[in-house]
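Notes to accompany the following structure.
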Amino acid sequence: LEDGWLEGFLPSEVGKLNNLLALDLNYNVFSGTIPEELYKLSTLEELDLNENFFSGTISSNIGELDMLNFLQLQVNYFTGTIPETVGDLKRLQIAEFTYNDLTGAVPESVCRNQEIFHTLHRLTADCRGNPPPVECNCCTNCKRI
């Protein structure tokens, strides 16, 4: 469903797609928050929601996506902080949070996983500027000024 100019809210029924491996909705016009039901998709390996109009906070329930290895949330309107539970995603290889309205710091647990498991190859956040909107000690790429 990538680049389909789909619009509206992501329905909570997405949580009923029990065997879903990848959800690629980038380059659409979805808005609203990510439904909590999405975080029940225990088989989900890829979540790509970049280049939409999603807003609200990133739920701490994101840490329930044990199989997730690819997370792209950049270029939306997410607010708040990057949840500590992102550090629970031991298989995560790519995590992109740039061009949102996030603040705070990338959790140290994410940086520790990068050091211990060596699986996180790309981690981006809005960590450029003085002061940066997001502090990050382990990002592979900092964006935004």
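Summary table below
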quantity	calculated
Which numbered condition ASN130 fails, given (1) over 20 Å from LEU47 (Cα atoms); (2) touching a strand residue (DSSP E or B) at 6+ places or on another chain (Cβ under 9 Å)	(2)
Subset of the range 8-57 that is of a type in the set (D, E, K, R) and either outside any loop (DSSP other than H, G, I, E, B) or at pLDDT below 95 (or both) - its residue that is least open to solvent (accessible area, probe 1.4 Å)	ASP48
Options PHE70, PHE53, PHE9; residue that is among the aromatic types (Phe, Trp, Tyr) and over 23 Å from VAL134 (Cβ atoms)	PHE9
Residue among ASN69, ASN100, ASN52 that is polar (S, T, N, Q), in contact (Cβ under 8 Å) with a residue 40 or more places away in the chain and in contact with a strand residue (DSSP E or B) (Cβ under 9 Å, 6 or more places away or on another chain)	ASN69
Complete set of residues in the range 112-124 that are open to solvent by less than 30 Å² (accessible area, probe 1.4 Å) and either under 16 Å from THR85 (Cα atoms) or part of a helix (DSSP H, G or I) (or both)	ASN113, LEU120, LEU123
Members of the range 58-83 that are in a loop (DSSP other than H, G, I, E, B) and over 15 Å from LEU41 (Cα atoms)	ILE58, LEU73, GLN74, VAL75, ASN76, THR81, ILE82, PRO83
Selected residue (criterion: farthest from GLY56 (Cα to Cα)) from residues of the range 95-110 that are buried (at least 19 other Cβ atoms within 10 Å of the Cβ) and of a type in the set (A, V, I, L, M, F, W, C)	VAL110
Residue under evaluation LEU68, criteria (1) over 15 Å from the mean Cα position of the chain (by Cα); (2) surrounded by 15 or more Cβ atoms within 10 Å (Cβ to Cβ); (3) not polar (S, T, N, Q), criterion not met	(1)
Qualifying residue in the range 84-94 (condition: farther than 21 Å from LEU23 by Cβ and either assigned to a loop (DSSP other than H, G, I, E, B) or open to solvent by 40 Å² or more (accessible area, probe 1.4 Å) (or both))	yes
Residue list for the range 125-142, filter: open to solvent by 50 Å² or more (accessible area, probe 1.4 Å) and either part of a loop (DSSP other than H, G, I, E, B) or among the polar types (S, T, N, Q) (or both)	ARG128, ASN130, PRO131, PRO133, ASN137, THR140, ASN141
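The values are calculated or read from the model by the stated rules, or taken from the named source; none is laboratory data. Just so it is clear, the model here is predicted, and its values are computed rather than measured. Here the Cβ is made from the backbone with ideal geometry for all residues, glycine too, and neighbour counts use every protein chain on show. For the accessible areas, the whole protein counts, side chains as well, though only heavy atoms, and no ligand, DNA or RNA atoms are used. Shrake-Rupley method; radii C 1.70, N 1.55, O 1.52, S 1.80 Å.
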